[in-house]
Amino acid sequence: MRMPRWLAPALFVLAVPSLGYAGSITLSGGTAGSIPAGAGINDFIGPIFSGPIGGFYGSQVNVTTTLPATVSIDFFGGEADFDNQFRLGNTLLFDHLPGLHISPNIGSPLGTFSGPLLALALLAFHFDINSPATQLFDGSNLDNSGHALNAPNFFVSCNPFSGAPGAGGTTCDRLWIFLDDSGGGINGGGPDDDYDDMVLRVTIAAVPEPVTLTLLGLGLMGGSLLARRRK
């Protein structure tokens, strides 16, 4: 069966998302590795993940897309002795109180945020650790690949369903962030290396530009007119 000529422009626009928009997250710096490390036990392995999680220590999270775009952040809970908070800019999005609070499965986050992406470069989030004792900012994340760091840091992964170091690479549209609040930096103890003190998933989605929607509309409208003439 031949495809109607009028349908070709519309299908072309749908098939080539690079016409007008693209969305991605890019990781800068860091060291490929996997979590948990040492004697750490990540409580998300089981409910959410099946085994060790591959990704990067010490990376910074950058947004490399064209605006307009949206950012969605899902919070899956955590296991921590501290009151840890996650903020985007200066806005408090999620507050994890001390204890074990974990989503039962990947389809049931404990909290969700979605809104317009206002700027590129760093994603501009930060954690309030043992709120308000100390803060950990995107752009100042420390590399704990040596597993001797007594300070808060986070691990990131584009594919947390693989245990291979660096799994998923350094560019993706959906990123998982694993906080290690490392009480050593606050109460004198050592790092636990479990990276389950807060777990979040960030998704960047580009908004189609008007030119793309216009081309799609013209293709569909042309098809409608052509179909009427043939009747």
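Tell me which residues, restricted to the range 125-136, are of a type in the set (Gly, Ala, Ser) and touching a strand residue (DSSP E or B) at 6+ places or on another chain (Cβ under 7 Å). So that I can check it myself, show each step before the final result.
If we filter the range 125-136 for residues that are of a type in the set (Gly, Ala, Ser), which is where we start, we get 131, 133.
Listed by number, the list holds a single entry, Ser131.
Specify the residue that is modelled with the highest pLDDT; the eligible residues are those in the range 143-163 that are buried (at least 20 other Cβ atoms within 10 Å of the Cβ) and aliphatic (A, V, I, L, M). Give the steps one after another, and end with the answer.
So in the range 143-163, the residues buried (at least 20 other Cβ atoms within 10 Å of the Cβ) come out as 144, 149, 152-158, 160.
Next, from what is left, pick out any that are aliphatic (A, V, I, L, M): 149, 156.
Details: Leu149: 86, Val156: 98.
Once the filter is applied, the top-ranked residue is Val156.
Could you check the range 109-145 and list, in sequence order, the residues that are in contact with an Asp or Glu (Cβ under 6 Å, 6 or more places away or on another chain), in contact (Cβ under 8 Å) with a residue 60 or more places away in the chain and part of a loop (DSSP other than H, G, I, E, B)?
Within the range 109-145, Pro109, Leu123 qualify.
Would you mention how many residues in the range 84-101 are surrounded by 17 or more Cβ atoms within 10 Å (Cβ to Cβ) and out of contact with any Lys or Arg (no Cβ under 7 Å at 6 or more places or on another chain)? Quick ask: steps written out before the conclusion?
Going residue by residue through the range 84-101, those that are surrounded by 17 or more Cβ atoms within 10 Å (Cβ to Cβ) are 84-88, 93-94, 96.
From what is left, the residues that are out of contact with any Lys or Arg (no Cβ under 7 Å at 6 or more places or on another chain) are 84-88, 94, 96.
Within the range 84-101, residues that are surrounded by 17 or more Cβ atoms within 10 Å (Cβ to Cβ) and out of contact with any Lys or Arg (no Cβ under 7 Å at 6 or more places or on another chain) number 7.
Looking for whichever is hydrophobic (A, V, I, L, M, F, W, C) and in contact with a Pro (Cβ under 6 Å, 6 or more places away or on another chain) here; the options are Leu136, Leu92. Which one fits? Before the answer, list the steps.
Details: Leu92 fails: in contact with a Pro (Cβ under 6 Å, 6 or more places away or on another chain).
On inspection, the qualifying residue turns out to be Leu136.
From Gly139, Gly166, Gly185, grab the single residue that is touching a strand residue (DSSP E or B) at 6+ places or on another chain (Cβ under 8 Å), modelled with pLDDT of 95 or more, under 24 Å from His96 (Cβ atoms) and small (Gly, Ala, Ser).
Details: Gly166 fails: under 24 Å from His96 (Cβ atoms); Gly185 fails: modelled with pLDDT of 95 or more.
Gly139 is the lone residue from the list that is touching a strand residue (DSSP E or B) at 6+ places or on another chain (Cβ under 8 Å), modelled with pLDDT of 95 or more, under 24 Å from His96 (Cβ atoms) and small (Gly, Ala, Ser).
Filter the range 68-83 down to residues that are of a type in the set (Asp, Glu) and closer than 13 Å to Ser131 by Cβ and give me whichever is surrounded by the fewest Cβ atoms within 10 Å (Cβ to Cβ).
Keep residues of the range 68-83 that are of a type in the set (Asp, Glu), which gives 74, 79, 81, 83.
Those still in the list that are closer than 13 Å to Ser131 by Cβ too: 81, 83.
Working: Asp81: 14, Asp83: 16.
My answer is Asp81.
Only one of (1) more than 16 Å from the chain's Cα centre (by Cα); (2) within 24 Å of Asn62 (Cβ to Cβ); (3) not in a loop (DSSP other than H, G, I, E, B) is not met by Phe86, so which one is it?
Phe86 satisfies all of (1) more than 16 Å from the chain's Cα centre (by Cα); (2) within 24 Å of Asn62 (Cβ to Cβ); (3) not in a loop (DSSP other than H, G, I, E, B) except (1).
The values are calculated or read from the model by the stated rules, or taken from the named source; none is laboratory data. Note that the structure is predicted; figures quoted are calculated from it, not measured. Methodologically, a virtual Cβ is constructed for each residue, glycine included, from the backbone with ideal geometry; neighbour enumeration extends over all protein chains shown.
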